[in-house]
Amino acid sequence: MLWMILTLMVALAAVGLAIPLVRRHDAARTARGSVAEVLKGQIGEIEAQAATGALPPDEAEALKADVKRRVLAEGKEPDAPARPLSERTLLILALGLVAVVVLAATGLYLKIGRPDAEAGGAPVAAAASGALPPGHPNGEVASMIGQLEQRMKASPNDAEGWRMLGWSYLQVGRNADAATAYGRAVALDPHNGEYLSAQGEATVLAAQGQVTPAAEDIFRKAVSLDAGDPRARYYLAIAKDQKGDAKGAMDDWIALLKSAPPDAPWAPEVRTFVEKVAQERHVDLAGRLPPEPAAMARGEAGPPASAPGPTSDQVAAAGQMSAEGRQSMIEGMVAKQAASLKANPRDLEGWERLIRARMVLGQTAEATQAYHDAARAFAGSPADQAALRQTAAGLAVPGV
């Protein structure tokens, strides 16, 4: 509505400026007629003075001839331009043009403009408020951010909540905010290496990929808590490389790959990165990298899915059994599912079933632990982590 009003004002201003220009021509014609009348009056005065003898006849005739020339000059008008349209038609046309300008400008603005944006706004601000359009790849994450921010205002001592908010900020490119949120989580739980390495990664991303001294210090703290933290070790090698120690960085990356579990989700990506860097720098990696898993090398499918675990219906049905039978049944099913997930942690549905069973049994602490274990298993897959978080949140798992 604001832009419609402004466009209408501009159009009316243009019409208002044109009207005086049109009227000026008519005024000039009126002024020209007035001058001619004055000159004719001067001829009468000259004749009267000649009749009384105040002017010699020759001088009077000369003055009259000069005034007559001026009268003819003033009375001559240029040919008026052709005006195929009447005054009323021109007025209607002008108003029609104003309407076309207003409607066209409004339609164009709605098509390519940002009617939803406020002064100083940006796509990031829209994402933070959950205003991304349906279908946007970060739409689900963006819609969570506003709720998470309100939740953290109400529960500022929830370390896991700050971690979730930091992850959400990363998904929409708010890297500096992510580093701050992770920092709040670290302040509440300083012995959590996962929080530390996540804070370090967000700090690096906020610095456009540069491992700053602050980020390096964070990663070293993470390694001191968990010497095998792959994210911290990877970025510490990046720090070496950025300082000019290319050989030391390559050695650290190779050591990281050699220590990776066979099913580590991040290992293929790191391996590809190392091979690319080695190719660009003409480094011979023959015999230095660990062999790829046989199934991956042959392009075969991954490990078989784990055996189905207890569903909520099965657990509820156990309530009809005797106390001893029910306890034995439930413990056996949950133990079987937990063991299966330990052998094959990349089973999203299996983790969801285990978390659901823990909550049905009232084992909230175990459900929270299962959620954290599942999140670590899918550390390299934001989509799977989002699905886990949605399931856990729907089940009201504490800390999610």
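No value in this document is a laboratory result; all are computed from the given coordinates. Quick caveat: nothing in here was measured; it's all calculated off a predicted structure. Note: ideal-geometry Cβ built from the backbone for every residue, glycine included; neighbour counts use all protein chains shown.
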Taking r as the C-beta separation of D217 and E349 and R0 as 45 Å, the FRET efficiency to the nearest 0.05 is 0.70
D251, D229 arranged by Cβ crowding within 10 Å, fewest neighbours leading: D251, D229
Measure off 7 Å from each Cα along the Cα-to-Cβ vector at A154 and A393, then give the distance between these two points in nanometres to one decimal. 1.3 nm
Describe numerically, in nm with one decimal, the distance between label points set 7 Å from Cα along Cα→Cβ at R288 and at L225. 3.2 nm
Computed FRET efficiency, Cβ-Cβ of K276 and Q242, R0 25 Å: what is it to the nearest 0.05? 0.90
With H282 itself left out, Lys, Arg at +1 and Asp, Glu at -1 over residues whose Cβ is under 15 Å from its Cβ give +1
Could you point to the residue in G228, V270, G200 farthest towards the positive end of segment 147-275's charge dipole, with +1 and -1 charges on the Cβ of Lys/Arg and Asp/Glu respectively? G200
